[in-house]
Amino acid sequence: MNTTYLLTQLGFAATTIVYFWLFLRQLHKSLQATNFPEERKKRILRGTTLALTGWAVLTGILSLSGFLGDFSSFPPNMMIVLIIPLTAIIWMVSTKTTKEILLHTPAETIIGLQSFRVFVEILLWMLFVANLAPIQMTFEGRNFDILSGITAPLIAFLISRKKISKPITIIWNIACLGLLANIVITAILSMPTPFRVFMNEPANTIVAEFPIIWLPSLLVPLAYGLHFLSIRQLLIGDVKK
């Protein structure tokens, strides 16, 4: 097996596991700070953990079975891993429960978690070097999402010191969503489908492989989900730390 590919597989798996563990750990802390009944706190944490684990297992199985690697259908099977998380996250962010949890979550923590995008961009570049991903998927091509990961710790630090305003933080979130949308669209247009635009090889099929499938199914939703949460938190008022 290609050593670089093995390292990227381990890297994507490790990044996914570590950052979702950090997300769940913060959710636990935030829930403990709320006035929810203990049973409700446990139910929310347990439900979130089971949903994320189940989705990771399901997409892993669909990837290993070859279902997600079939780009001949229209729309391609891969669209499942993009549409389902987006729908679920939009609903989740809009609920009253999420609003209450956000009131007890440090704003800098939500933004600081975006640092995982640096690791993702390095791993994508490694896939390109191994001729497993097209150049436009990397920071040498059309992917500038690494800027989101690099600036996230700085924005988080400024928030913790109250050195940055809410409007500027909202603008940062929107700008980073733009960078994310750019690479997601580029990735879709690089797949071997009827609407492929980027014809250079290799085509973007590597994202359907396990565990790299967790990039579109878990890590991309984590990125825009954190932005949605941050924007809603900034719009609802002061956070009770």
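Which of (1) charged (D, E, K, R); (2) farther than 23 Å from Ala130 by Cα; (3) over 20 Å from the mean Cα position of the chain (by Cα) does Arg25 not meet, given it meets every other one?
(3)
Do we have Arg161 as more than 30 Å from Lys42 (Cβ to Cβ) and in contact with a Gly (Cβ under 6 Å, 6 or more places away or on another chain) here?
Criteria not met by Arg161.
What's the total number of residues in the stretch 1-26 that are among the aliphatic types (A, V, I, L, M) and in contact with a Phe, Trp or Tyr (Cβ under 6 Å, 6 or more places away or on another chain)?
0
Could you please find all residues in the stretch 127-140 being part of a loop (DSSP other than H, G, I, E, B) and either within 13 Å of Ile183 (Cβ to Cβ) or of a type in the set (D, E, K, R) (or both)?
Ala133, Pro134, Thr138, Phe139, Glu140
How many residues are at pLDDT below 90 and not polar (S, T, N, Q) if we restrict to the stretch 60-80?
Going through the stretch 60-80 one residue at a time, the tally reaches 3.
Search the stretch 1-27 for residues being part of a helix (DSSP H, G or I) and of a type in the set (S, T, N, Q), and hand back the single one that is surrounded by the most Cβ atoms within 10 Å (Cβ to Cβ).
Thr8
Tell me yes or no: at least one residue of the stretch 28-50 is closer than 30 Å to Ala133 by Cβ and either small (Gly, Ala, Ser) or in contact (Cβ under 8 Å) with a residue 24 or more places away in the chain (or both).
Taking every residue of the stretch 28-50 in turn, none turns out to be closer than 30 Å to Ala133 by Cβ and either small (Gly, Ala, Ser) or in contact (Cβ under 8 Å) with a residue 24 or more places away in the chain (or both).
Could you pull out the residue among Ile212, Ile150, Ile122, Ile171 that is more than 27 Å from Val57 (Cα to Cα) and in contact with a helix residue (DSSP H, G or I) (Cβ under 9 Å, 6 or more places away or on another chain)?
Exactly one of Ile212, Ile150, Ile122, Ile171 is more than 27 Å from Val57 (Cα to Cα) and in contact with a helix residue (DSSP H, G or I) (Cβ under 9 Å, 6 or more places away or on another chain), namely Ile150.
Quick one: what pairs do we get from the stretch 193-208, first residue more than 28 Å from Ala56 (Cβ to Cβ) and in contact (Cβ under 8 Å) with a residue 12 or more places away in the chain, second of a type in the set (S, T, N, Q) and part of a loop (DSSP other than H, G, I, E, B), C-beta under 6 Å, 6+ apart or different chains?
What qualifies is Phe198/Ser190.
The values are calculated or read from the model by the stated rules, or taken from the named source; none is laboratory data. Owing to the predicted nature of the structure, the values given are computational and were not obtained by experimental measurement. Heads up, the Cβs are rebuilt from the backbone with ideal geometry, glycines too, and the neighbour counts pull from every protein chain shown.
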